[in-house]
Amino acid sequence: MTPEELGKLAAKEQKARSACKHRVNVCCAAGCASMNSDKIKDDLQSAIKEKGIADQVQVRSVGCMGLCAAGPLVSIESEGKSVMYKGVTDGDVSEVVESLEGKPIERLNLPTDMPFFARQEKIVLENCGVIDPERIEDYIAVGGYAALIKALTEMTPAGVVGEITRSGLRGRGGAGYPTGLKWGTVAKSPAREGRKYIVCNADEGDPGAFMDRSVLESDPHRVLEGMAIAAYAVGATHGFLYVRAEYPLAIKRLKRAISQAQKIGVLGANILSTTFSFNLEIRLGAGAFVCGEETALIASIEGNRGQPRPRPPYPAEFGLWGCPTLINNVETFANIAPIVDRGFRWFASIGTDKSKGTKVFALAGKIENTGLVEVPMGIKLRDIIEDIGGGIPDGGKFKAVQTGGPSGGCIPKQYMDMPIDYESVKEAGSIMGSGGMIVMDESSSMVDVAKYFMEFCKSESCGKCVPCRVGTAQMYDLLEKIHKGEGASDDLAMLESLCELVSQTSLCGLGQTAPNPVLSTLRYFRHEYLELLRDGQKELAAAGADKGKDGAV
Amino acid sequence: MAWITKNSVAPIERRNEPYLSDELKRKLTDEVLTRYPTRRAATMPVLHALQEEHGWLPAQAIEEAAAFLEVSSAETMDTASFYEEYWLKPKGKYVIWVCQSLSCELLGHQRLIDALRNKLGIEVGETTPDGKFTLVTAECLGSCGSGPCALFNEKLHENLTVENLDRILDSLA
């Protein structure tokens, strides 16, 4: 297919879309699908057919609309107006069809001007819940693959790298490394035996984070397009998408997306009738969290145990089979097409000085509106928790939010007005991580949280280096001892010294950051540990009366 | 804990018919091997394909995979035993993966596990005697907004309660 033919296809799809009076979108992402939204979609379709208005109404299954807690969700767009319905069941189908020509159903109405929707700014998730993820035509109709055309026909590879560099995009997998810098390194590194690789890290495993799953399920072509642009920019011809085997729906949608993209010629040989070729394979993980670490991921693709190796050399210079390899996270790749399409200035105008663009967060735990939200960098934590998230349910009081999963920490309420960007979150003792936010209220025990994450790290440690393999097990035993009320202040001192040892001597990020949940809860909620110690009363008393239970240091 | 080694002295059970059939070999040669610069790189896809075909990975199948990949069987076993989702012993027709992530824990995943243990009469990691259900725990399944959740083979169920658990199990009976 040539760029012109692709343009014609987009125009044809847009025309078909606008010819319909009503567009009914049924969320069929994992959350709503588990509440049988597929059947609701089929029922809606047959009811519309029965009513004889099938030519005016288009019913589509679409990806995640974000507010998973209120599913199954159905949105209806009619001549510029849109309504959204929550908790739609089989029994509501005929009423929904009737309402197309009448008034919206009050009982099911979910106001789209509520802060959950209104305060979000969507780039990565802009197509999620809008297009059918199983139809490439839908993606093309909303401007999909236009950025790839622009890159291939109007820009040089170095020009693309420059655009990404100037946009200020930083890696969304957690560490926040400047994406353009990484691309530049791979572009400059000489290919080995003519080969360079692109890898998309979709081994999302942080407890509490599910944005990658949602993007892959709701807008898979966005990721493929980002990878193809990256391949052109750095000079790679092959790529791998490393996906967790625990995400069967995402895998199914990706496989379908890749075969559609090959069929119309936006992946494979001579893409869009140019000399550029890029082949993409899906690789399934098999339940090892450590494979999210880039050198372990490489070992896994090469057919070995997923164990990391020391860096440098970094994969950008020495990756898969010794070839320069670009590894980015799903959300990072999902940002690429809009940057190329709309230009770096647009992207750099969003966010803060050092953290540009938006970030997707997964709200979970003790919060009213659980689900996925995308907000500009620099937004206050309070705005996410109270406004967008709707606060704590059942009259509970906010205690802390856990960010960054097992590598992160707990941020207490005195940081509610802190802007959310890479640096501020780090200063508060946590990390941005992949974007999980598990909200805890006064009923949650911080020692429990620390113990939970230590158990996770202990069981996911690959066993290669001693500090992580033995250290996480020892720290877990100490936490268990303290948790049971059998610990003494010696144990707490031992725990603290182990934290330092493990973080400084472990081989990879898993071990280096494993102590973070303990350190951050000790920093803000030390009294919770002291209260559990056999001899903690003395230190508690010494800490003074002003050391209240609100987590003040 | 992938790094804990278990002493295995049991003799390998063998059968005459190969697990890695000629047909599967042809398919893997055409569709998988061509994509990689080394044969070893196909280890995980080959193991996934064998597991999909037979439900689990008997030792003989791992030996055959190693011969096909032109590496020693110890090396293929090394990779297979590292990853938790390769089944080195038979699993049930339905595998129930209960998510044990923090958000599911906060929302009461233990009640689900206990209900399943009672109902199926097995512990976590075990398979019912009739070979129907295997109960395991999984790390985050990515449904933190609507926990507790569990995968029943490839079907994800969210907002699980002890009551709707019964319904799901009955529908699989």
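The values are calculated or read from the model by the stated rules, or taken from the named source; none is laboratory data. All figures in this text were calculated on a predicted structure; none of them were measured in a lab. We place every Cβ from the backbone using ideal geometry, glycine too, and count neighbours over all the protein chains shown. What goes into the accessible areas is simple: the full protein's heavy atoms, side chains included, and nothing from ligands, DNA or RNA. Shrake-Rupley method; radii C 1.70, N 1.55, O 1.52, S 1.80 Å.
Past 21 Å, Cα to Cα, is the threshold; run A:366/A:397; A:12/A:39; A:255/A:359 against it and keep the listed order.
Values: A:366/A:397 10 Å; A:12/A:39 29 Å; A:255/A:359 26 Å.
In this structure, A:12/A:39; A:255/A:359 exceed 21 Å between Cα atoms.
Please work out whether the range A:179-219 counts as rounded, prolate or oblate from its C-alpha gyration tensor, where a ≥ b ≥ c are the square roots of the eigenvalues and a/c under 1.5 means rounded, while otherwise a/b larger than b/c means prolate and anything else oblate?
Numbers: a/c = 2.98, a/b = 2.50, b/c = 1.19.
In terms of gyration-tensor shape, prolate.
In whole percent, what relative contact order does the range A:270-389 give with Cα contacts below 8 Å and a gap of six or more residues? Don't skip to the end; give the middle numbers.
Values: 120 pairs, mean separation 13.3, N = 120.
Once normalised by length, the contact order is 11 percent.
Once label points are set 7 Å from the Cα along Cα→Cβ at both residue A:483 and residue A:263, what is their separation, rounded to one decimal in nm?
Computed distance between label sites residue A:483 and residue A:263 equals 5.0 nm.
Students often forget the sequence filter, so: which lysines lie under 22 Å Cα-Cα from residue A:196 once same-chain residues fewer than 8 apart are removed?
A:182, A:188
Specify which residue in the list A:210, A:474, B:67 is farthest towards the positive end of the charge dipole of the protein assembly as shown, using unit charges on the beta carbon of Lys, Arg (+1) and Asp, Glu (-1), about the Cα centre.
Checked the options; the winner is B:67.
So how far apart, in nm, are the two label points at residue A:18 and residue B:155 if each is 7 Å from Cα heading toward Cβ?
Result for the modelled spin labels: 4.3 nm.
Once you order the gyration tensor axes a ≥ b ≥ c over the Cα atoms, which shape class does the protein assembly as shown get: rounded for a/c under 1.5, otherwise prolate or oblate by comparing a/b with b/c? Before the final figure, lay out each step's value.
Numbers: a/c = 1.29, a/b = 1.11, b/c = 1.16.
Here the protein assembly as shown falls in the rounded category.
Could you tell me the largest-minus-smallest coordinate of the C-alpha atoms of the range B:87-136 on each of the three principal axes, in descending order and whole angstroms?
32, 22, 13
Starting at the first residue of the range A:393-407, write each ³J(HN,Hα) from the Karplus equation 6.51 cos²θ - 1.76 cosθ + 1.60 with θ = phi - 60°, in whole Hz, x for Gly and Pro.
In residue order, the calculated couplings are x, 6, x, x, 10, 5, 10, 6, 10, 8, 10, x, x, x, 9 Hz.
Kindly express, to the nearest 10 degrees and within the range 0 to 90, the angle between helix A:3-19's C-alpha long axis and the longest C-alpha principal axis of chain A.
Relative to chain A, helix A:3-19 is tipped by roughly 90 degrees.
Given a 1.4 angstrom probe, I'd like the percentage of the accessible area of the range A:439-553 that is carbon and sulfur, rounded to a whole number.
Ligands and nucleic acids excluded, carbon and sulfur reach 51 percent.
Which of the aspartates and glutamates could a cross-linker bridge to residue A:481, judged by Cα under 15 Å and excluding same-chain residues fewer than eight apart?
Residue A:481 reaches A:448, A:455, A:490, A:491, A:496, A:528, A:531, A:535.
In the range A:360-441, if the dipole is taken from +1 on Lys/Arg beta carbons and -1 on Asp/Glu beta carbons about the Cα centre, which of A:419, A:429, A:370 is farthest to the positive end?
Value computed over the given set: A:429.
Between B and A, buried accessible area summed over both sides at probe 1.4 Å, in Å² to the nearest 100? Intermediate values should be presented prior to the final figure.
On the way: alone 10820 and 21860 Å², together 28680 Å².
Chains B and A together bury approximately 4000 Å².
Just round it to a whole percent: the fraction of Cα-Cα distances in the range A:360-441 exceeding 19 Å. Show your work: numbers first, answer last.
On the way: 796 of 3321 pairs.
Distances greater than 19 Å cover 24 percent of the Cα pairs.
When we measure straight from the Cα of residue A:49, which aspartates and glutamates land under 19 angstrom away, once same-chain ones fewer than 8 places off are left out?
A:38, A:77, A:90, A:92, A:95, A:98, A:101
So the label point goes 7 Å from the Cα of residue A:39 along Cα→C-beta, right? Which residues of the range B:136-173 then have their backbone N under 15 Å from it?
Label zone hits: B:156-158, B:164-165, B:167-172.
Under 26 Å between C-alpha atoms is the cut-off here; go through chain B and count lysine pairs that meet it, provided they're at least eight residues apart or on different chains.
21
Enter the angle in degrees (range 0 to 90, nearest 10) between the Cα long axis of helix B:59-69 and the first principal axis of the Cα atoms of chain B, meaning the one along which they spread out most.
50 degrees
How many times 2.2 N^0.38 Å is the alpha carbon radius of gyration of the range A:199-260? It would help to have the intermediate numbers written out before the result.
Working: Rg = 11.8 Å, N = 62, 2.2 N^0.38 = 10.6 Å.
For the range A:199-260, the normalised Cα radius of gyration is 1.12.
Nearest 20 debye, what's the magnitude of the dipole of the range B:22-82 about its Cα centre given +1 on Lys and Arg Cβ and -1 on Asp and Glu Cβ? Please list the in-between numbers first.
Values: 6 positive and 11 negative charges, 43 e Å.
Here the size comes out at about 200 debye.
Accessible area of the range B:30-173 with a 1.4 Å probe: how many percent of it is carbon plus sulfur?
Details: 2920 of 6090 Å².
Of the solvent-accessible surface of the range B:30-173, carbon and sulfur hold 48 percent.
Sort A:522-533, A:214-225 by the packing proxy (mean of other Cβ within 10 Å over each peptide's residues), most packed first.
Working: A:522-533: 20.1, A:214-225: 28.2.
Answer by packing, highest mean first, reads A:214-225, A:522-533.
Please give, to one decimal in nm, the separation of the simple spin-label points placed at residue A:89 and residue A:156, each 7 Å out from Cα toward the Cβ.
Taking the two extended label points, one gets 6.4 nm.
Which residue, chosen from A:512, A:152, A:194, occupies the Cα position most advanced towards the positive end of the dipole of chain A, where the dipole is computed from +1 (Lys, Arg) and -1 (Asp, Glu) charges on Cβ about the Cα centre?
So the residue furthest toward the plus end is A:194.
Using θ = phi - 60° and the Karplus form 6.51 cos²θ - 1.76 cosθ + 1.60, what ³J(HN,Hα) does each residue of the range A:31-47 get, whole Hz, x for Gly and Pro?
x, 6, 4, 6, 9, 6, 5, 4, 5, 4, 5, 4, 4, 4, 4, 5, 5
With +1 on the Cβ of every Lys and Arg and -1 on the Cβ of every Asp and Glu, and nothing else charged, how large is the dipole of the range A:394-553 about its Cα centre, in debye rounded to the nearest 20? Present the calculation step by step, with values, prior to reporting the outcome.
Details: 16 positive and 23 negative charges, 47 e Å.
The calculation lands at about 220 debye.
Express in whole angstrom the spacing between the alpha-carbon centres of the range A:421-464 and the range B:1-71.
Using only Cα atoms, the two centres lie 37 Å from each other.
Enter the angle in degrees (range 0 to 90, nearest 10) between the Cα long axis of helix B:162-172 and the first principal axis of the Cα atoms of chain B, meaning the one along which they spread out most.
Tilt relative to chain B: about 40 degrees.
Counting DSSP beta bridges with both partners in the protein assembly as shown, what percentage is antiparallel, nearest 5? Mind dumping the intermediate values first?
Working: 38 of 71 bridges.
That works out to approximately 55 percent antiparallel.
Looking at the range A:1-85, send over the antiparallel percent of its DSSP beta bridges, to the nearest 5.
Details: 10 of 16 bridges.
Roughly 60 percent of the DSSP beta bridges within the range A:1-85 come out antiparallel.
What FRET efficiency, computed as 1/(1 + (r/R0)^6) with R0 = 56 Å and r the Cβ-Cβ distance, is obtained for residue A:55 and residue A:309, rounded to the nearest 0.05?
Working: r = 60 Å, r/R0 = 1.08.
The value I calculate is 0.40.
As an exercise, use a Förster radius of 22 Å and the Cβ-Cβ distance of residue A:397 and residue A:531 to find the FRET efficiency, rounded to the nearest 0.05. Working shown, then result.
Working: r = 19 Å, r/R0 = 0.84.
The calculated FRET efficiency here is 0.75.
Hey, can you grab everything whose amide H is under 5 Å from the amide H of residue B:101? Only 5+ residues off in sequence or another chain; H modelled, so Pro and N-termini drop out.
Amide H to amide H, under 5 Å and 5 or more residues apart or across chains, residue B:101 pairs with B:140, B:141.
Note down the magnitude of the dipole of the range A:360-441 about its Cα centre, charges +1 on Lys and Arg C-beta and -1 on Asp and Glu C-beta and zero elsewhere, to the nearest 20 debye. Walk me through the intermediate numbers first.
On the way: 7 positive and 11 negative charges, 52 e Å.
Approximately 260 debye in magnitude.
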